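All remarks here apply to the structure that follows.
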Amino acid sequence: MKTVDDLLSAVLAGELGPDPAELTATSVFWIHHGTRLAGGNVTYLNQYVLTRVGGSFGGCAFEAGEIDPAICADASGSPLATLLREAPRPLQMAALDAYLAAVQPHRDAPDAEAVTLPAGPPEVRAVARDTAIAGLLDIGRGAKVALIGVVNPLIAAIRERGGDPLPCDFNLRTTQWGDPVSTDMHEVLDAADAVVATGMTLSNGTFDTILARCRERDVPLIVYAQSGSAVARAFLGAGVTALSAEPFPFSQFSAEQTALYRYRAAPREKDGS
């Protein structure tokens, strides 16, 4: 599978598990969440749509105004296949995420490394999370790291590993330290030695472009995903080099210990080896 649409088609055809027409999206709900970390100058405003299928949740962030909360009443109780075929893109991705998480929960995946985030205030938990994400980077000092979807603690974590961040975001113009943030994804993709991208790229339709460009340039792609974490997992070894998967409930919604799951693609064999 080369694209998200390929993955959708495979799921709808029942190639990856049970027929989604026989599964129910028991609950569809919407969260609007704001955060400003202590000492920061940015208020992060995030909207999520989430879907529950049996014992699993799927989630996807979206831009303000893209989905109306009324969709929750309309979609709750729908056959999952209906959402996969007809829902707006963010809800479609949340439904796909829920399906894949139900087929293989992160907690049971044999290739997942569970990382426990400590109990405590948002600043402590955010730093721990972003340090875990940056730990998936295998880079030399001075390597240029495109960061598509900017959070300031992750900028700091990349620098601590010796990387030179190339931040890109649709909504931010500078980082906490005054670094300019590009709005041109292609600019940073073409210059990067490695790419770190948020799962929200599944919602805004840029994931396939990022995946294809990293394949073409043969540069590592690390995805940090609250949105569509099980969707991004399907591309491990097929363009995605590593993944930090954080299923719902996300770290910002708890002050207790929670887990994220790190994955690494198997090393590729070199020709002639």
| message | Checking Gly17 against (1) within 17 Å of the chain's Cα centre (by Cα); (2) surrounded by fewer than 22 Cβ atoms within 10 Å (Cβ to Cβ), only one condition comes out false. Which one? | response | (1)
| Where Leu154 falls short, out of the listed (1) open to solvent by less than 50 Å² (accessible area, probe 1.4 Å); (2) out of contact with any helix residue (DSSP H, G or I) (no Cβ under 7 Å at 6 or more places or on another chain) | (2)
| note | Picking from Val181, Val195, Val124, the residue that is in contact with an Asp or Glu (Cβ under 6 Å, 6 or more places away or on another chain), modelled with pLDDT of 90 or more and not small (Gly, Ala, Ser) would be Val181
| Within the set of pairs 6 or more residues apart or between chains, which connect a residue that is over 14 Å from Asp97 (Cα atoms) inside the range 200-215 to a residue that is hydroxyl-bearing (Ser, Thr, Tyr) and assigned to a helix (DSSP H, G or I) with Cβ atoms less than 8 Å apart? | Phe207/Thr201; Ile210/Thr201
| said: When you check Asp193 against the structure, is it open to solvent by 30 Å² or more (accessible area, probe 1.4 Å), touching a residue at least 40 places away in the same chain (Cβ under 8 Å) and more than 30 Å from Thr51 (Cα to Cα), yes or no? | reply: yes
| task | Could you list, in sequence order, all residues of the range 167-183 that are farther than 12 Å from Val151 by Cα, touching a strand residue (DSSP E or B) at 6+ places or on another chain (Cβ under 8 Å) and open to solvent by less than 70 Å² (accessible area, probe 1.4 Å)? | result | Asp179, Ser182
| query | Among all residue pairs at least 6 apart or on different chains, which show Cβ distances below 6 Å where the first residue, located in the range 123-135, is open to solvent by less than 10 Å² (accessible area, probe 1.4 Å) and the second is of a type outside the set (A, V, I, L, M)? | reply | Arg125/Ser251; Asp130/Pro153; Ile133/Tyr224; Ile133/Ser244; Ala134/Arg161
| said: Being in contact with a strand residue (DSSP E or B) (Cβ under 6 Å, 6 or more places away or on another chain) and in a strand (DSSP E or B) is the requirement here; does Val223 meet it? | reply: yes
| said: Return the residues of the range 1-14 that are open to solvent by less than 70 Å² (accessible area, probe 1.4 Å) and more than 25 Å from Gly149 (Cα to Cα); say none if nothing qualifies. | reply: Ala10, Val11, Leu12, Ala13, Gly14
| message | Considering only residues that are touching a Pro at 6+ places or on another chain (Cβ under 6 Å) and either aromatic (Phe, Trp, Tyr) or open to solvent by 20 Å² or more (accessible area, probe 1.4 Å) (or both), which ones fall in the range 40-94? | response | Phe62
| Looking at the range 26-107, what strands (runs of 3 or more DSSP E) fall wholly within it and have at least 2 residues that are over 16 Å from the mean Cα position of the chain (by Cα), of a type outside the set (A, V, I, L, M, F, W, C) and over 18 Å from Pro247 (Cβ atoms)? | 27-35
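The values are calculated or read from the model by the stated rules, or taken from the named source; none is laboratory data. Predicted, not measured: the structure shown is a model, and the values here were computed from it. FYI the Cβ positions are ideal-geometry reconstructions off the backbone, even for glycines, and counts take in every protein chain you see. Heads up: the accessible areas ignore ligands, DNA and RNA and are worked out on the full protein's heavy atoms, side chains in. Shrake-Rupley method; radii C 1.70, N 1.55, O 1.52, S 1.80 Å.
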